[in-house]
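To keep things clear, I will list the structure first and then write my remarks on it.
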Amino acid sequence: MEELRRAAIASYEHVREKDKKSITKTFKAMDKNRDEQISLGEYVKSLEKKKAYNLTPQIIFSALDKDGNGSLDFEDVIVLHYIMQSGRAIICMSCKTLMAGAYFSCSQCFFNASVSTFDICCDCYGGKKFTHHGDATFCDNYTLLRQSRSAIQEAPMKKRRKVFKILKKGLQIGGIIASLGGIITIALNVSSVMIQSESMKFVVIVLVEESDVFEKIDIDMISSVANIAVTIGCIIM
């Protein structure tokens, strides 16, 4: 959890002032009794209101509670905000704990945009405490990210530039959607780039003029990388 906390604090130092004010506003909204501490009850009610049910278990609250006093302070809420905005709210499919550091994913599921990823913590993977399809090949999350980058680099440069130009337009719109509370996913095909919030409140489609732009490029691979970029708040330049 310390690695994730350091990333959250470092990221906070670089956010815009208005975004810092937004985090402060979130903290005050959670703190119903104005004691400058967020109790478990306040935490759960706030996240249920946001429909972030995957973060409501007490084990997640305890992981955020750095000093273990049974409540969250402002720094803890900064970490919570980072987890929610970056897409780092990844729960082990086996033991249901928050995976704050390295973890393992089924590579077949990871690169298949039509199915959910299957992610497990190091303890469950090492101890074989999981059930998945028999031919699954697991890699740690950092290896998968490097493989995604390598696959894109192997694509022809001219076509790659066209793809990223299209993605840039889509992700800029996606950034606006994310700022309004949407959780972004990416779906690509040869004719369009669709950016859709989980709540279905926002749907944006960017049409692609040339369908051959995606020729010889692994669409699922691009989709996975684009999804990662959006969830960590990046805009591809």
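None of the figures in this text is laboratory data; all of them are computed from the coordinates on show. For clarity, every value in this text was computed on a predicted model and none was experimentally measured. Ideal geometry is used to build each Cβ from the backbone, glycine not excepted, and the neighbour counts take in all protein chains shown.
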Practice task
Would you grab the residues whose amide H sits under 5 Å from the one on Phe138? Only those 5+ places off in sequence or on another chain, please, with H modelled 1.01 Å from N.
Solution key: Ser107
Problem - Arg146 versus Ser22: modelled label distance in nm, points set 7 Å from Cα along the beta carbon direction - result: 3.4
Practice task
Let me have the relative contact order for the stretch 103-149, percent, based on Cα pairs under 8 Å that are six or more residues apart.
Solution key: 47
Fill in the blank from the handout: Once both label points are put 7 Å beyond Cα along the C-beta direction, the Thr131-Glu3 separation in nm becomes 3.0
Handout entry: Percentage relative contact order, the stretch 19-151, counting C-alpha pairs under 8 Å, at least six apart
Key = 17
Completion exercise
Projecting the Cα atoms of Gly41, Thr26, Met1 onto the charge dipole of the stretch 1-42, where Lys and Arg contribute +1 and Asp and Glu -1 at Cβ, the residue farthest towards the positive end is Thr26
